[in-house]
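The values are calculated or read from the model by the stated rules, or taken from the named source; none is laboratory data. On a predicted model such as this, the values are computed, not experimentally measured, just so you know. Note that each Cβ is placed from the backbone with ideal geometry, even for glycine, and that neighbours are counted across all protein chains shown.
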Amino acid sequence: MNVSKRLRSILKSDRGNVMIVAAACMPIVIGAAAIGVDSIQLTLAKRELQRAADSAALAGAYAIVQSKTPADAVDRDLTLNNRITLSTTRTVENPTTWGSPSRSDTHAVRVALTASRSTPFWGYFSHSSTTVSVEAKAAYVYLGEFCMVSLTNDTSTGVTFQGNTTMNLGCGVESNSKGTTAVSAGGSSSVTASPIAAVGGVPSSGSYASGTTLLPYSPPLSDPFSYLPRTPTPPSDCVRLNLNPQGNQSISWGTLGASRSYCIVGSTNGNNDAKIQTNVTFPDNVTVYVQGGTLDIGPATVSGTHVSFVLTTPPNNGSGSVATMSMNANAVLNLTAQDTGTYAGVLFYQDPRVTSGSTTTINGNSGATLKGAFYFPNGDLTFNGNAGMTITCLQLVALHLSFSGNSTITNSCPSTGTTGAKSFAGYFVKLVA
């Protein structure tokens, strides 16, 4: 009887009702909190695992760029960056299928990871762990074809179009500058080139032809001639072309033999420069080393098929005065780079040990024919060319590039072709869906 009265009194009490309701709801509250904790743990685990998969896929794609084994790069990256124990062996696929519409691509890597995570609350009922699975795909993607490249990686302007220059490049322009104006076009310049890419900014300009693709904040383009000797040295059988030691004298070229290397030793004070002021035709497959001083091409026609000029230091002078080049506005160059050998594809190469701030001005003339590269990795190039030039494939790669005056270039660099007659393909690595 007393118990019955006690219960009736509780039912009539507000505090008693609250206690009963609270007691009845407590399992639901505790269960919801437990489920929330378990869900957060699983979400965190999946996020960490996804980050590891993304990083591993990117590493695999970069391995493809470097002609390495993607699986090795993936495993190495997982060792460094994955903090969750995998329940099964990782999956690495190359080639893989990605994109919409779906396509198979040897440039892509797919990484799949699986891990088991224990959940205290859910595990109490199911007596098992929860499986977390993620995947990531990365690929190196085609950016465009380039033949004019600035290698500077500071914030200065890498490529400048100014004056009345008219450019029809038939390929793209790349600046590795990080500046907000990595490529600049102004004045009355007219530029037909696409894409125009830079690590930094590429402000729009009325100088760019309609339809020009601007690609600011793109990945840097690797130095396309980085494989060349960083300390170019003439071979031991290099034939020396002697100069008059009393002062500046034009070289008496005489008869030069084919398939040879020739050395011009200049001085560091400018009194013994290599001056080409009379017409000269180089034989086939010749490399000319200019060791110090200045290669001064005056009002003359210089011709040659399969010829390369290497501007380097005097003998036994270490990283001393690297030769420079000066080209008279009346000079006419009819030159084609070598197809084989160390300097295949390169017309002019300046030793990268040159003093910072070195500038070379190329005054192209009507009737000139050029095929090959001007490679000045630590020097600046300014191009002033006139209408009437025949350019099969001109490549300008320098620290800074500038096109000014009344220069006119109509260029054509295909993406495929013989050595030294093709553009440089640009790629970047990214995650893909």
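Taking the range 166-244 as the region of interest, the strands (runs of 3 or more DSSP E) fully inside it that hold 3 or more residues being in the same structural domain as residue 291 (by TED's automatic domain parsing) and either under 30 Å from residue 274 (Cβ atoms) or aliphatic (A, V, I, L, M) (or both) are 196-198. Restricting the range 397-410 to residues that are closer than 11 Å to residue 169 by Cβ and surrounded by 24 or more Cβ atoms within 10 Å (Cβ to Cβ) leaves a set whose member that is modelled with the lowest pLDDT is 409. In the range 134-167, of all residues being at pLDDT 90 or above and farther than 27 Å from residue 65 by Cα, the one that is surrounded by the most Cβ atoms within 10 Å (Cβ to Cβ) corresponds to 161.
Figure legend. Inter-residue proximity from the range 406-433: first residues in a strand (DSSP E or B), second residues modelled with pLDDT of 75 or more and loosely packed, with under 14 Cβ neighbours inside 10 Å, beta-carbon distance below 8 Å, spacing 6+ or different chains. Indicated pairs: 425/142; 426/142; 427/65; 427/142; 429/65.
Set side by side, the residues 89, 79, 97 differ, and just one is at pLDDT below 80, within 30 Å of residue 141 (Cα to Cα) and β-branched (Val, Ile, Thr), which is 97. Here 266, 257, 293, 298 are screened, and the one residue that is in the same structural domain as residue 358 (by TED's automatic domain parsing), at pLDDT below 75 and within 23 Å of residue 380 (Cα to Cα) is 266.
Considering the range 326-345, the residues that are under 25 Å from residue 413 (Cα atoms) and in a strand (DSSP E or B) include one that is farthest from the chain's Cα centre (by Cα), namely 332.
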